[in-house]
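Quick one: the structure is below, and I'll ask about it shortly.
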Amino acid sequence: MSAVLKPEPPRIETPEGVDDLLTPDLRALLGALHQAYEPRRQALLAARRARQARFDAGALPDFRGDTRAIRESAWRVAPLPAALQDRRVEITGPVDPKMVINALNSGANCYMADFEDSTAPAWSTLVAGQRALRDAVAGQLQFTAADGRHYALRPRHQQAVLIVRPRGWHLDEKHVCVDGERLSGALFDAAVFVFHNAAALAARDRGPYLYLPKLESMEEAQLWDEVLAHLEGALGLASGQIRVTVLIETLPAAFEMDEILHALRGRAAGLNCGRWDYIFSYIRTFRRHRDRVLPERAQVTMEQPFLKAYSELLIQTCHRRGAHAMGGMAAQIPIAGDPEANEAAMARVRADKLREVTAGHDGTWVAHPGLIALARGIFDERMPTPHQHHFAREDVLVGRDDLIAPSLGSITRRGFENNVEVCVRYLAAWLSGNGCVPIHGMMEDAATAEIARAQLWQWLHHADDAGSDPLCLDDGTPVDYVLFDAVLLNLPSRLQRERVPGLDRVPEALGLLERLTRAETLVDFLTLPAYERLDG
């Protein structure tokens, strides 16, 4: 009888100096996850590309016929844990130690620690973030700033509930290779966090809890469910111990909200209206559809019919299934030194949060601690209960055409120029390691920069479509590369005067934006080519 040969253990390559974080057991777990799930991840990414090719050829998204039974049958997600019953105000932000301390101390109900859109994933940043979260969960995180100010955590009962957002399925982690292949960024972020913190969090009935980004289908949700079940088994956790909230921030996912919740029904805690990425996804999905070109970003508010339909369908779906329907991000931030501009910004936040709570959302997001009291006051007044699952929204009747309705509006010169400026400034900061950048009273992250970048591409590539009215600014100026080049040419000197963050990377950002904008095909994600240029 011949001997049975055992398969070789995976060969894992990582940078040096991280043995405290990537222990032998964790390395083995990462290798096992890669071997088990990387083929599925790649197949699902290929399915995304095939679906987008159909949209480019003229097809429109729609509800699936093969999953009608899931949508029409009665079922509910697992009961919510006590720590996630009341989520009326959640603060989001990157994972540097100071931010982790301030967010946990902020007075928000929850803190979404973000390894995705508000973090530029330099290796040093990711490692520091995982260490900060590990120390925070252990109650040991402290930070002293360069100016001598010291930051420390409040007692645990005064801290926000921690929820971690790993990167999406489309992103790799170039610093960790398994058998010569890059590891999924999503697997790295989730597995490292869960490995180090699950036991302590579970002992306090605090999860671990995750936010899952950028899903496009129920099959992608099923992959997450299997990965998290694998982690639970490997770490001795109870089945369903890891609870998740899914961001509905892609247009295809809006047609599969029931299916996504069903795929994760043993661990789903809710869905979130990731509005900025959702707007970007609408542009990307319809990049070849001249009849669905959006106006400038400032005019694409939640009152636009396609966004109103999306948010109301999400509320109805979640409440039918016993899950939270979380509202979206208020991107405005307090504006120091300009009371009039600050009050205008706060008025927009008030109106947005009032709209959300009145529609039936169970909580909302803010990007700045200065907005927590404002958002909480509105939700406390209108939502005396921990959530609004009782508000079934049976009045909502949303069909395919409602979710893809064209938008009315215009493109102003200021709107066009602002898109160029946001792209360049954000890219320059991101390439310098900063993924969350205040620009003109807004907290810009990868999602908002993607809107600006995708709009520029779409406007310019549809500007002279045969048989269509030419795209022009509201003052009659043609939207063309003459305009684009003029804005690019005038921008560097102004940014130099203003000493913007990442100033030394501005020329690189300008070149990258120009190449991406002139490319024949809209690149799926800005962060894919930018990641290859990211240092550290």
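Does ASP117 meet the test of being under 26 Å from ASP277 (Cβ atoms) and open to solvent by 40 Å² or more (accessible area, probe 1.4 Å)?
No: the conditions fail for ASP117.
Could you list, in sequence order, all residues of segment 388-417 that are in contact (Cβ under 8 Å) with a residue 60 or more places away in the chain, over 22 Å from ASP362 (Cα atoms), assigned to a loop (DSSP other than H, G, I, E, B) and of a type in the set (Gly, Ala, Ser)?
Scanning segment 388-417 gives ALA405, SER407, GLY409, SER410.
Given the criteria surrounded by fewer than 24 Cβ atoms within 10 Å (Cβ to Cβ), in contact (Cβ under 8 Å) with a residue 60 or more places away in the chain and over 15 Å from MET329 (Cβ atoms), does ALA82 qualify?
In short, yes.
Also, quick follow-up: Pick out the one residue from GLY240, GLY207 that is in contact with a helix residue (DSSP H, G or I) (Cβ under 7 Å, 6 or more places away or on another chain), over 24 Å from PRO24 (Cβ atoms) and small (Gly, Ala, Ser).
Checking each option against the conditions leaves just GLY207.
Could I ask something else about it? Just for segment 364-402: of the residues that are in contact with a Lys or Arg (Cβ under 8 Å, 6 or more places away or on another chain) and of a type in the set (Val, Ile, Thr), which one is most open to solvent (accessible area, probe 1.4 Å)?
ILE378
Quick grid of which residues meet (1) assigned to a helix (DSSP H, G or I); (2) of a type outside the set (A, V, I, L, M):
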position	(1), (2)
ARG64	no, yes
GLU90	no, yes
ALA103	yes, no
SER118	no, yes
THR125	yes, yes
ALA132	yes, no
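Which of the residues spanning segment 496-519 are of a type in the set (A, V, I, L, M) and outside any loop (DSSP other than H, G, I, E, B)?
LEU503, VAL506, ALA509, LEU510, LEU512, LEU513, LEU516
Could you please let me know if ARG76 is assigned to a loop (DSSP other than H, G, I, E, B), out of contact with any Pro (no Cβ under 6 Å at 6 or more places or on another chain) and basic (Lys, Arg)?
Taking the combined requirement at face value, the residue satisfies it.
Can you name every residue in segment 173-208 that is in a strand (DSSP E or B), touching a strand residue (DSSP E or B) at 6+ places or on another chain (Cβ under 8 Å) and either touching a residue at least 60 places away in the same chain (Cβ under 8 Å) or among the aliphatic types (A, V, I, L, M) (or both)?
Scanning segment 173-208 gives LYS174, VAL176, CYS177, VAL178, LEU183, SER184.
Residues of segment 218-246 being open to solvent by less than 10 Å² (accessible area, probe 1.4 Å), touching a residue at least 60 places away in the same chain (Cβ under 8 Å) and farther than 16 Å from SER184 by Cβ, which ones?
THR245 - this is the single residue of segment 218-246 that is open to solvent by less than 10 Å² (accessible area, probe 1.4 Å), touching a residue at least 60 places away in the same chain (Cβ under 8 Å) and farther than 16 Å from SER184 by Cβ.
Out of ALA69, ALA59, report the one residue that is assigned to a helix (DSSP H, G or I) and at pLDDT 95 or above. Talk me through it step by step, then tell me what you get.
Numbers: ALA59 fails: assigned to a helix (DSSP H, G or I).
Residue meeting the stated conditions: ALA69.
Which residue, of ALA466, ALA447, is outside any helix (DSSP H, G or I) and either at pLDDT below 95 or of a type in the set (Asp, Glu) (or both)? Lay out the reasoning, then the answer.
On the way: ALA447 fails: outside any helix (DSSP H, G or I).
From the options ALA466, ALA447, the qualifying one is ALA466.
I'd like to check something: does segment 441-463 contain any residue that is open to solvent by 50 Å² or more (accessible area, probe 1.4 Å) and farther than 21 Å from GLY185 by Cα?
no
What do you reckon, is GLY148 farther than 18 Å from GLU90 by Cβ, exposed (fewer than 14 other Cβ atoms within 10 Å of the Cβ) and touching a residue at least 60 places away in the same chain (Cβ under 8 Å)? Reasoning before the result, please.
On the way: farther than 18 Å from GLU90 by Cβ: yes; exposed (fewer than 14 other Cβ atoms within 10 Å of the Cβ): yes; touching a residue at least 60 places away in the same chain (Cβ under 8 Å): no.
So GLY148 fails the test.
If I ask for residues that are loosely packed, with under 14 Cβ neighbours inside 10 Å, over 14 Å from PHE286 (Cβ atoms) and of a type outside the set (S, T, N, Q), which ones from segment 42-61 would you list?
Of everything in segment 42-61, those that are loosely packed, with under 14 Cβ neighbours inside 10 Å, over 14 Å from PHE286 (Cβ atoms) and of a type outside the set (S, T, N, Q) turn out to be ALA43, ALA46, ARG49, ALA50.
Next up: Return the total of residues in segment 13-41 being assigned to a helix (DSSP H, G or I) and either within 24 Å of GLY236 (Cβ to Cβ) or open to solvent by 60 Å² or more (accessible area, probe 1.4 Å) (or both).
Of the residues in that region, 16 qualify.
Tell me which residues, restricted to segment 125-145, are open to solvent by 60 Å² or more (accessible area, probe 1.4 Å) and among the polar types (S, T, N, Q).
Correct list: GLN140, GLN142, THR144.
Looking at segment 368-387, is at least one residue of a type in the set (Gly, Ala, Ser), under 23 Å from VAL422 (Cβ atoms) and in a helix (DSSP H, G or I)?
yes
Sticking with this structure for a sec: Within segment 404-419, can one find any residue that is open to solvent by 30 Å² or more (accessible area, probe 1.4 Å), within 26 Å of HIS324 (Cα to Cα) and more than 23 Å from the chain's Cα centre (by Cα)?
Within segment 404-419, not a single residue is open to solvent by 30 Å² or more (accessible area, probe 1.4 Å), within 26 Å of HIS324 (Cα to Cα) and more than 23 Å from the chain's Cα centre (by Cα).
The values are calculated or read from the model by the stated rules, or taken from the named source; none is laboratory data. What you see is a predicted model; the values in this text were computed from it and never measured. We place every Cβ from the backbone using ideal geometry, glycine too, and count neighbours over all the protein chains shown. Just so you know, the surface numbers come from the protein's heavy atoms only, side chains and all, with ligands and any DNA or RNA stripped out. Shrake-Rupley method; radii C 1.70, N 1.55, O 1.52, S 1.80 Å.
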